[in-house]
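In what follows, a structure is listed as structure tokens, so that the remarks can point back to it.
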Amino acid sequence: MTGTRKILDRYFTAIGAVSILLMAVALVALLAPIAFRGVQAFVFRGTVEHRLLQLEKLERGNRMRIEDEVGAAAEARQPVYAMLDAFAAELGDMGFVERRKYQEALEELEDALSRLLGPRPGGVRPALVRDQYGQTRWDRARAALHEVLYVQEYDYSDPTRMGQAVDVPRQADFAGTSLEPLFPYIEENLESMLRPRWTFYWGFVTDTAIDAHIFGGIWAEVLGTIYLTLGAMLFAVPMGVIAAIYLVEYTKENRLVALLRVCISTLAGVPSIVFGLFGLAFFVNTLHVSESKSVLAGSLTLALLVLPTIIRASEEAIRAVPDTYREASLGLGASRWRTVSTVILPAALPGILTGIVISMGRAAGETAPIIFTAAVSVGKPLGLWDTLSEATPALPWNIYNLCTEHEAAEAIRHVQFGMVFTLVGLVLLLNVSAIVLRARVSKRLKG
């Protein structure tokens with residue numbers, strides 16, 4: 001019998017070790033791509049256009065040095081514009097049909113060059129910020145260079161397959177003209193025209209978005225997530241702990257209490273989108289806590305979402321306190337409430353904080369409840385008092401929005417991954433803070 005028990009112990013120990021290992025591998029497989037791509041929002045090869053934008057829009061950087069770089073880049077770009085002017089002069093000598101053919105190809109080329117290098121010097125400055133500068137990141141500049149050098153066409157020669165995308169050199173459209181040398185020149189001198197260098201952009205977290213996240217940072221989203229998470233805890237923690245105290249210390253087991261526990265368990269399994277619709281209908285449309293979406297309405301909704309978790313965790317923590325603590329306190333003449341507040345709660349606090357840690361992580365990462373109650377796609381960082389009446393951008397919602405609905409979703413992948421990386425880091429930071437607090441409380445209680 002003893003031998004069988006040892007075999008089973010080893011068997012279950014092995015299963016546990018393998019399970020932990022598999023969880024660790026899965027966690028690394030999930031977080032490694034996020035970390036790798038997310039870091040690229042902070043560390044990348046920034047071009048002179050990035051430094052110029054920082055100087056003009058955020059007044060950041062050494063003005064003299066940046067102006068010297070802009071001048072050097074403009075000098076490298078001058079042959080490009082000279083070839084364009086020479087070709088424009090050639091167009092005047094062509095016939096109508098030939099001119100029309102080249103004119104369309106020239107307009108497409110100039111659009112591609114504008115996306116790569118920015119607007120031509122001396123022209124009208126575009127209204128949108130995204131059109132006022134060339135590529136600010138070297139990786140995106142390489143992608144824009146491909147658009148300059150090639151035109152994407154579709155090959156329908158095989159009737160058994162759908163059309164296949166094929167890159168056709170744009171240079172062929174201008175063979176024999178003064179624009180033909182332009183394409184090898186751009187390819188060979190792109191670094192001189194954009195002057196990339198490694199950049200640590202700490203402003204990705206502290207700057208606000210510029211032109212719908214084409215440029216700038218995510219401070220409004222970070223601040224909104226913090227407001228919503230801490231606001232949810234502000235409402236949920238007192239209600240959850242008080243409810244747990246009542247259920248454990250002040251009630252007797254009966255059908256009503258059993259029904260309440262069933263309701264709490266049911267709430268824990270309700271889809272989060274239902275909480276979002278309830279928050280819109282109850283807090284916004286019925287109670288009118290704000291005229292429309294607001295951080296306050298979103299925090300109340302998230303508080304309801306995490307409330308069952310806090311109640312159940314607090315219940316278990318209070319039940320885990322030995323009965324001798326209660327008996328000793330009551331035997332010394334302390335009232336029920338004094339026993340709870342000075343003996344039971346301090347002893348149960350580490351377990352209660354565990355529930356709070358779990359709840360904070362869920363509140364910070366939820367998207368559905370705040371869609372209807374608190375989140376907007378674009379907005380400025382809110383002051384503390386504005387949270388009572390104003391909506392806010394938030395990391396979970398804006399990640400979804402930028403990935404699915406943004407017109408330049410492919411061009412801002414670094415922003416999307418940077419937001420995910422920041423959200424994971426923010427959740428970890430909140431959790432670590434709560435865990436450290438729990439450890440200090442436990443240490444103080446022990447001794």
Could you go through segment 295-306 and let me know if any residue there is of a type in the set (Val, Ile, Thr) and more than 11 Å from Leu388 (Cα to Cα). yes
Hey, could you check segment 90-132 for residues that are of a type in the set (A, V, I, L, M, F, W, C) and modelled with pLDDT under 85 and say which is farthest from Ala175 (Cα to Cα)? Val124
Show the residue pairs that are 6+ apart or on different chains and have beta-carbon atoms under 8 Å apart, the first residue being within segment 244-267 and among the hydroxyl-bearing types (Ser, Thr, Tyr), the second being assigned to a helix (DSSP H, G or I). Tyr250/Arg336; Thr251/Val257; Ser265/Pro308; Ser265/Arg312
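Quick grid of which residues meet (1) touching a Cys at 6+ places or on another chain (Cβ under 6 Å); (2) surrounded by 13 or more Cβ atoms within 10 Å (Cβ to Cβ); (3) among the hydrophobic types (A, V, I, L, M, F, W, C):
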| site | (1), (2), (3) |
| --- | --- |
| Arg63 | no, no, no |
| Gly92 | no, no, no |
| Tyr102 | no, yes, no |
| Arg115 | no, yes, no |
| Val129 | no, yes, yes |
| Gln135 | no, yes, no |
| Ala141 | no, yes, yes |
| Leu149 | no, yes, yes |
| Thr160 | no, no, no |
Take Ser377 and tell me if it is of a type in the set (Ser, Thr, Tyr), surrounded by 14 or more Cβ atoms within 10 Å (Cβ to Cβ), in the same structural domain as Leu280 (by TED's automatic domain parsing) and within 23 Å of Thr301 (Cβ to Cβ). yes
Residue, nearest to Ile210 (Cα to Cα), within segment 34-61, restricted to residues that are without any contact (Cβ under 8 Å) to a residue 12 or more places away in the chain and loosely packed, with under 14 Cβ neighbours inside 10 Å: Glu59
Listed residues Ala89, Ala112; which is closer than 22 Å to His414 by Cβ, part of a helix (DSSP H, G or I) and of a type in the set (Gly, Ala, Ser)? Ala112
Taking segment 393-440 only, how many residues are of a type in the set (Phe, Trp, Tyr) and surrounded by fewer than 21 Cβ atoms within 10 Å (Cβ to Cβ)? 1
Return the pair list, or none, for Cβ contacts closer than 7 Å from residues in segment 88-108 that are in contact (Cβ under 8 Å) with a residue 40 or more places away in the chain to residues that are of a type in the set (S, T, N, Q), at least 6 apart or on different chains. Glu90/Thr177; Glu90/Ser178
Among the helices (runs of 4 or more DSSP H) confined wholly to segment 249-328, which include 2 or more residues that are among the charged types (D, E, K, R) and modelled with pLDDT under 90? 255-268
What number goes with the only condition from (1) buried (at least 16 other Cβ atoms within 10 Å of the Cβ); (2) in contact (Cβ under 8 Å) with a residue 60 or more places away in the chain; (3) farther than 30 Å from Leu277 by Cβ that Ala334 does not pass? (2)
Can you name the number of the only condition in (1) among the β-branched types (Val, Ile, Thr); (2) over 20 Å from Trp219 (Cβ atoms); (3) touching a Pro at 6+ places or on another chain (Cβ under 6 Å) that Thr367 fails? (2)
Take Glu59 and decide whether it is under 28 Å from the mean Cα position of the chain (by Cα) and acidic (Asp, Glu). yes
Tell me, yes or no, whether segment 417-436 has at least one residue that is within 30 Å of Thr251 (Cβ to Cβ) and part of a helix (DSSP H, G or I). yes
Which numbered condition trips up Ala268, out of (1) closer than 18 Å to Ile358 by Cβ; (2) of a type in the set (Gly, Ala, Ser); (3) touching a Leu at 6+ places or on another chain (Cβ under 6 Å)? (3)
Of the criteria (1) of a type in the set (Phe, Trp, Tyr); (2) surrounded by 18 or more Cβ atoms within 10 Å (Cβ to Cβ); (3) over 34 Å from the mean Cα position of the chain (by Cα), which one Tyr201 fails: (3)
Considering only segment 343-363, I want to know if a residue exists there that is closer than 30 Å to Ile245 by Cβ, in a loop (DSSP other than H, G, I, E, B) and not hydroxyl-bearing (Ser, Thr, Tyr). no
Could you tell me how many of the residues in segment 18-51 are part of a helix (DSSP H, G or I), under 26 Å from the mean Cα position of the chain (by Cα) and hydrophobic (A, V, I, L, M, F, W, C)? 14
Of (1) out of contact with any helix residue (DSSP H, G or I) (no Cβ under 6 Å at 6 or more places or on another chain); (2) of a type in the set (Ser, Thr, Tyr); (3) exposed (fewer than 13 other Cβ atoms within 10 Å of the Cβ), Ser294 satisfies all except one. Which? (3)
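The values are calculated or read from the model by the stated rules, or taken from the named source; none is laboratory data. Quick caveat: nothing in here was measured; it's all calculated off a predicted structure. With ideal geometry, Cβ positions are generated from the backbone for all residues, glycine too; neighbour counts draw on all protein chains shown.
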